[in-house]
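Here the structure comes first, spelled out in C-alpha cells, and everything after it is commentary.
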Amino acid sequence: MSRLDDDTPRYDPAAAHAFPDERLNDVLEAVADDEEIQAYLDAQNVNPVQRKGYNDHGAKHIEIVRDRALCLYDLLKKHDVEFNGARQQGLDEADEPVIVALAATLHDIGHVVHRDDHPYYSIPLAADILERLLPDFYDTTERVKVTGEILHAILCHHTEETPLTLEAGVVRVADALDMERGRSRIPYERGGRGINTLSSQAIEGVSLTSDDGHVVVEIEMTNAAGVYQVDELLTAKLRDSGLESHVRVVAINTHSGDGDEQLVERIEL
C-alpha cells in the first residue's frame, strides 16, 4: 500500500467547517509555499527511516497528521467542545486551528538532529520558523502567544509532559492516528521487523466519525499485531490528552478462522 494511495480524509479549504477557517487557510497556503519548511519535511526523514529503520516521519506523515488533527478538531467543534489554548491567551477562536495545524506541521523537525528526544530539538527549530512566518499574520503580542501555544503542542506530542491545552491534545492524538501499513512500507521492505513496523503492517485503515456525542476512531486490522499500534501508541497518547471523555477507540480485527472463514472481532478500548 503506497503512502500516496491512502484514503485519509483531506482538509478541504473550500468545505464548510465548524470553526472560522479563513486565517487557517491563509497560513496553510503560506506553509505550502515555504521553501524552508518543505526542506525540513524532506530532511527530517533521514534519521528515523534511513539510519534507524523506523517508520515514516517525513512529508507524508506530516500531511496525514495535520489532516487528521484538523478532522479531529472539526468533529470536536461540532460537538461544542470548548478549546482552551487560544482562549486562555486572549486569542481568537480562529487561532485554534492555526495552532493545531502549525504544531502538526512542525512537530517532527527535530528529527534532523536525532530521533531520540526529537521533540526537544523541534522546539528551537520550530521557534525560528515561526518567528519568520507569523509576522505576516499577527502583531508582536499575538505572535508571542501563538508561538508559545504551538511550541507547547510540539513538546507534548511525544514526551511525558502532559498537554495543558486541548489543541495540544489533538496534535498528540493525531500523531498516533498515522498508523496504517503504508507508514512502515520503507523499513519493512528493507528488512525492518521491529514491533512498530510489524504492527503498522497489520493496520488496514483508520476512520474518524461521530457517534452519540463522541468522536469515534475506528481502526481496521488484519491480525493481532495491530493491537500494539492501538493500545501501546494510540490509547497511550489519548490518556492524559484532555480528550479522553470526547473520543472512543474501536478496533475491528478481520482475520481467518477455521476453514479460512473470515472472522470479525469488534473491540472497544
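The values are calculated or read from the model by the stated rules, or taken from the named source; none is laboratory data. Worth saying up front: this structure is predicted, and the values here are computed from it rather than measured. Please note: Cβ atoms are built from the backbone with ideal geometry, for glycine as well, and neighbour counts cover all protein chains shown. Just so you know, the surface numbers come from the protein's heavy atoms only, side chains and all, with ligands and any DNA or RNA stripped out. Shrake-Rupley method; radii C 1.70, N 1.55, O 1.52, S 1.80 Å.
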Exercise. Do we find that L133 is closer than 30 Å to A251 by Cβ, among the hydrophobic types (A, V, I, L, M, F, W, C) and modelled with pLDDT of 95 or more in this structure?
Worked result: no
Exercise. Among the residues of the stretch 148-203 satisfying the criterion of being acidic (D, E), buried (at least 24 other Cβ atoms within 10 Å of the Cβ) and not in a helix (DSSP H, G or I), which is modelled with the lowest pLDDT?
Worked result: E180
For this session: Consider only pairs whose beta carbons are under 6 Å apart and that are at least six residues apart or on different chains; among these, list those whose first residue lies in the stretch 160-179 and is free of Cβ contacts under 8 Å to residues at least 12 places away in the same chain and whose second residue is open to solvent by 10 Å² or more (accessible area, probe 1.4 Å) and not β-branched (V, I, T).
Result: E161/L155
Exercise. Any residue at all in the stretch 74-84 that is touching a strand residue (DSSP E or B) at 6+ places or on another chain (Cβ under 7 Å), within 16 Å of V171 (Cα to Cα) and in a helix (DSSP H, G or I)?
Worked result: yes
Problem set entry | Criterion: buried (at least 21 other Cβ atoms within 10 Å of the Cβ) and touching a residue at least 12 places away in the same chain (Cβ under 8 Å) - qualifying residue of D26, D42, D56 | D56
